[in-house]
């Protein structure tokens with residue numbers, strides 16, 4: 001039966017038409033491949049170059065930010081070292097006058113030029129934390145976040161202390177006792 005079908009198909013030219021169709025498809029596939037493969041390769045090369053450029057830009061940005069952070073940390077550390085003797089002088093003065101009811105805490109604070117707090121610089125950290133924080137390692141992010149939180153805590157405590165000292169100003173009322181922590 002299959003011989004009969006093949007004989008009939010061949011007689012009518014189906015096989016010949018099918019072979020022509022297959023040859024034509026092969027020709028189109030080869031032409032399509034010749035055109036599409038260079039395009040795909042070009043796109044992949046362009047994506048690779050773009051990724052490489054982005055990585056270089058990110059690396060340059062991180063290096064600049066880290067350099068800036070390092071400078072800020074050095075400046076902050078120097079300022080802290082300058083403020084430590086002033087804080088010790090404040091503590092010593094407060095200790096000296098703690099039993100003296102004739103002088104207010106406000107006056108004592110004015111003798112040592114008030115409360116001195118260091119300048120903690122974190123602008124580079126804020127710049128990267130608002131833009132490309134994912135480029136930093138977790139340990140650095142954690143340490144810098146801790147510095148920022150400690151800065152905020154220091155500012156809040158300083159404000160609380162300043163308000164407490166103002167309440168002891170002689171024009172408001174005299175503080176009964178002075179506690180040194």
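Quick look at the values:
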{"quantity": "Additional length obtainable on full extension of the chain from residue 49 to residue 80, 0.36 nm per residue less Cα span", "calculated": "6.6 nm"}
{"quantity": "In nm, spacing of pseudo-spin labels at residue 29 and residue 148 (7 Å Cα→C-beta vector)", "calculated": "5.8 nm"}
{"quantity": "Full-stretch length increase - residue 110, residue 163 - with 0.36 nm per residue and alpha-carbon distance subtracted", "calculated": "17.7 nm"}
{"quantity": "Zone residues, the range 17-58, relative to residue 127, backbone N less than 19 Å from point 7 Å out along Cα-to-Cβ", "calculated": "55-58"}
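Bear in mind that the values in this text are calculations on the coordinates, not laboratory data. What you see is a predicted model, and the numbers here were worked out from it, not measured in a lab. Because the Cβ atoms are built from the backbone with ideal geometry, glycine has one as well, and the counts that use them run over all protein chains shown.
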